[in-house]
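Trainee: Sharing a structure with you now.
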Amino acid sequence: MSKALSVDLRERVVAAIAAGSSCRAAAVRFGVSAASAVRWVALVREAGSVAPGPLGGDRRSAQIEAHAALILRLVDQKSDIT
């Protein structure tokens, strides 16, 4: 599983951009992708922080739960549906 880059690195990249460096130049200087630099600057504008969001976890059960009534009704109609 991947790990988020450190908050310290993110803050240094954003500070370099705020000081006048372009996103691409700051990315090259700190060894990160230009896309990451752009995302981190946008994150600071939107959330006020460069802290990473949660990684991993369950992302599918909400989709299944949205259809729970249909699934349960189908199982009741034919118990060996699985």
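The values are calculated or read from the model by the stated rules, or taken from the named source; none is laboratory data. All of these numbers come straight from a predicted model, not from anything done at the bench. Glycine gets a Cβ as well: all are built from the backbone with ideal geometry, and neighbour counts include every protein chain shown. The area values use the complete protein model at the heavy-atom level, side chains included, leaving out ligands, DNA and RNA. Shrake-Rupley method; radii C 1.70, N 1.55, O 1.52, S 1.80 Å.
Trainee: Please tell me if Ser36 is of a type in the set (Ser, Thr, Tyr), buried (at least 16 other Cβ atoms within 10 Å of the Cβ) and either out of contact with any His (no Cβ under 7 Å at 6 or more places or on another chain) or at pLDDT 90 or above (or both).
Mentor: Yes: the conditions hold for Ser36.
Trainee: Within region 54-71, can one find any residue that is in contact (Cβ under 8 Å) with a residue 12 or more places away in the chain and either within 14 Å of the chain's Cα centre (by Cα) or at negative phi (or both)?
Mentor: yes
Trainee: Open to solvent by less than 80 Å² (accessible area, probe 1.4 Å), over 19 Å from Leu5 (Cβ atoms), at pLDDT 95 or above and not basic (Lys, Arg): is that true of Gly20 in this structure?
Mentor: Taking the combined requirement at face value, the residue satisfies it.
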